[in-house]
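One structure is given below, encoded as structure tokens.
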Amino acid sequence: MDWLFDNAAWVRRALNAWPPFWGAGIKIETLSDDFRYCRVTLKSRWWNKNANRTQFGGSMFAMTDPIYPLMLMGYFKNRYYVWDKAGCINYIKPGKGKLVAEFNLTDGKLAEIAAATEGGNKHFPEFEVTVQDKGGELVAQVKRTLYVRAKPEHRGG
């Protein structure tokens, strides 16, 4: 499965065709070739609105769900097991219209992960991402904790 993360454009197209994303109106607009930046949007559709006619909170949370794990698997070329471990969302205001979330892997975070997993150790890095409306106003703040560990064949020590 190492081939799976050789091409960011292929990963982006596959995610956009994935039924949970497609059905919810979630779209990966951008995934950089080095997997360090991703921009995700959530369209407002009649079937993903709540009783108040605003974006369903579950869809907002879902748009952040697999992104950081997939970015890390792509960046590290699938040498690590990476899973979502925990997540929480703080809804700031109702989401109306198209929503956007941007994800970044910084040099510092990547170095932290590499150092913490050296020798086969597990690591639980935390990431934060914001969901904004088309005007750039904050709609939600999401915290994600991941599980990261080098695959046995890539463990040092």
### Query
Given the structure, is Ala14 over 24 Å from Ala86 (Cβ atoms), open to solvent by less than 70 Å² (accessible area, probe 1.4 Å) and in contact with an Asp or Glu (Cβ under 7 Å, 6 or more places away or on another chain)?
no
### Query
Can you tell me which of Lys109, Lys143 is open to solvent by 50 Å² or more (accessible area, probe 1.4 Å), modelled with pLDDT of 95 or more and within 19 Å of the chain's Cα centre (by Cα)?
Lys143
### Residues within the stretch 84-96 that are touching a residue at least 60 places away in the same chain (Cβ under 8 Å) and under 12 Å from the mean Cα position of the chain (by Cα), tallied
1
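Condition check ((1) crowded, with 16+ Cβ neighbours inside 10 Å; (2) not in a helix (DSSP H, G or I)) across all residues:
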{"site": "Arg53", "(1), (2)": "no, yes"}
{"site": "Met73", "(1), (2)": "yes, no"}
{"site": "Asn90", "(1), (2)": "no, yes"}
{"site": "Gly119", "(1), (2)": "no, no"}
{"site": "Arg149", "(1), (2)": "yes, yes"}
### Query
Just checking, which of Asn78, Asn48 is over 19 Å from Trp22 (Cα atoms) and not small (Gly, Ala, Ser)?
Asn78
### Message
Against the definition (assigned to a loop (DSSP other than H, G, I, E, B), free of Cβ contacts under 8 Å to residues at least 24 places away in the same chain and open to solvent by less than 80 Å² (accessible area, probe 1.4 Å)), how does Gly135 come out, yes or no?
### Response
yes
#### Entry: Breaking point among (1) of a type outside the set (Asp, Glu); (2) buried (at least 19 other Cβ atoms within 10 Å of the Cβ); (3) more than 13 Å from the chain's Cα centre (by Cα), for Ala9
(2)
### Task
Confirm whether Tyr81 is part of a helix (DSSP H, G or I), touching a residue at least 40 places away in the same chain (Cβ under 8 Å) and of a type in the set (Phe, Trp, Tyr).
no
### Message
Among the residues that make up the stretch 26-45, is at least one of them open to solvent by less than 30 Å² (accessible area, probe 1.4 Å), at negative phi, at pLDDT below 90 and more than 15 Å from the chain's Cα centre (by Cα)?
### Response
no
### Task
Identify, from the list Leu99, Leu72, the residue that is of a type in the set (A, V, I, L, M) and within 14 Å of the chain's Cα centre (by Cα).
Leu72
### Message
So for the stretch 92-101 (the condition being open to solvent by 40 Å² or more (accessible area, probe 1.4 Å) and outside any loop (DSSP other than H, G, I, E, B)), does at least one residue qualify?
### Response
no
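The values are calculated or read from the model by the stated rules, or taken from the named source; none is laboratory data. As the structure is a prediction and not an experimental result, all values here were calculated from the model. Backbone-built Cβ (ideal geometry, glycine too); neighbour counts: all protein chains shown. The accessibility values were calculated without ligands, DNA or RNA, using every heavy atom of the protein model including side chains. Shrake-Rupley method; radii C 1.70, N 1.55, O 1.52, S 1.80 Å.
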